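Here is the structure we will look at, set down as structure tokens.
What follows is calculated from the coordinates using simple rules that are stated; it is not laboratory data. In this text the structure is predicted, and so the values were computed from the model without any measurement. FYI the Cβ positions are ideal-geometry reconstructions off the backbone, even for glycines, and counts take in every protein chain you see.
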Amino acid sequence: MLEVRHLTKRYSGITVVDKVSFTIRPGEILGYLGANGAGKSTTVKMLTGLIEPSAGEILFNGENVVRDMKAYQSRIGYVAEEAHLYPHLSGREYLQLAGRLRGMPRNVLEPKMDELLRLFGLWEDRHAPLSSYSKGMRQKILLSAALLHDPELLILDEPFSGLDVNAALVLRSLLRALAGRGKIVLYSSHVLEVVEKVASSVLILRKGEVAAHDSVANLQAMMAEKSLEGVFAQLTQAEDTEAIARKILETVAK
């Protein structure tokens, strides 16, 4: 179980994440939502140990993760929003590196990564440098690297970025299957349609604070909205999108 208690991050006295708390149990997917600048990626970086919180606690299976960060990180699979990969490595070499850094024995690593390359449609390009990969192909490499060691906790920051329709459908089914196997999943995304279909519950951030945290169905009922998109628009105080679109058209037509 992942427990986040009053998690806070400040930069130069400015609070970007403010006392955020939530719990994700095995088999659950938390959709972590918010407008640009709401604090989603900052939260993700704290959860993965990339930056330190200014205050609050992160507990995994009842243990504060700061007590043994390396042990905690070994149980995480992480897909970052931006695919910062080593461009000179091939896709297969990158997965080899990721597996070895995880301490996976070669006889386990090699067949597993080769099968993932096939399943993600990357087998023909396995020896090509990552610099030649499209954004979607790089995203598939990141997903493969995150899954290689069969982690207990998956932290996904915009995992659908750059994926084609078929790959996105596979990933949607995969998320459900991972939850079915008892994995803990935090899924941060702007793709509300997918979150609505796969998430057990959603947390919506507004300016670093929790604006709502409940199941999609409960939020829709409370907000009298038919979709998660409508709930999100209300809670994040979204502007009148149609009015903005009209003004843009008026501006370019001048």
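A simple packing score, the average count of other Cβ atoms within 10 Å per residue, orders the peptides 200-211, 166-177 as 200-211, 166-177, with the highest score first. Across segment 169-185, coupling constants 3J(HN,Hα) worked out from phi with the 6.51/-1.76/1.60 Karplus curve, θ = phi - 60°, read 5, 4, 5, 4, 5, 5, 4, 4, 5, 5, 4, x, 8, x, 6, 9, 10 Hz, and Gly and Pro carry x.
With the simple model of a label 7 Å out from the Cα in the direction of the Cβ, residue 119 to residue 70 spans 3.0 nm. Please determine, in degrees from 0 to 90 and to the nearest 10, the orientation of helix 91-101 with respect to the longest principal axis defined by the Cα atoms of the chain, where the helix direction is its Cα long axis. For helix 91-101, the angle is close to 90 degrees. Largest GNM mean-square fluctuation across 114, 150, 68, computed for the chain with C-alpha springs under 10 Å, falls on 68. Calculated FRET efficiency, residue 251 to residue 207, Cβ-Cβ distance, R0 = 25 Å: about 0.35 to the nearest 0.05.
Of interest is the spacing of the C-alpha centroids, which for segment 64-78 and segment 155-204 amounts to 22 Å.
The relative contact order of segment 73-154, computed from alpha carbon pairs under 8 Å that lie at least 6 residues apart in sequence, is 55 percent. Taking each of 9/40; 19/207; 19/183 in turn, the alpha-carbon distance tops 23 angstrom for 19/183.
Determine the sum of side-chain charges near residue 18: Lys and Arg each +1, Asp and Glu each -1, restricted to other residues whose C-beta is under 11 angstrom from that of residue 18. Within the 11 Å Cβ shell, the charges total +4.
Extension gain, residue 10 to residue 218: 0.36 nm times the residue separation minus the Cα-Cα distance gives 71.7 nm. Compute the long axis of helix 241-252 from its Cα atoms, compare it with the longest principal axis of the Cα atoms of the chain, and write down the angle in degrees, 0 to 90, nearest 10. So the helix axis and the longest Cα principal axis differ by about 90 degrees. Between the Cα long axis of helix 135-147 and the first principal axis of the chain there is an angle of about 70°, rounded to the nearest 10. Estimated at 0.36 nm per residue, the fully extended path between residue 225 and residue 128 surpasses their Cα-Cα distance by 30.2 nm.
With a cut-off of 15 Å between beta carbons, the residues surrounding residue 150 carry a summed charge of +3, where Lys and Arg count +1 and Asp and Glu -1.
Calculated mean residue ellipticity, 222 nm, the chain: -12000 deg cm²/dmol, from DSSP H runs (n ≥ 4) at -39500 (n - 2.57) each, averaged per residue and rounded to 500.
In the elastic network of the chain, a GNM with C-alpha springs shorter than 10 Å, the most mobile of 46, 137, 223 is 223.
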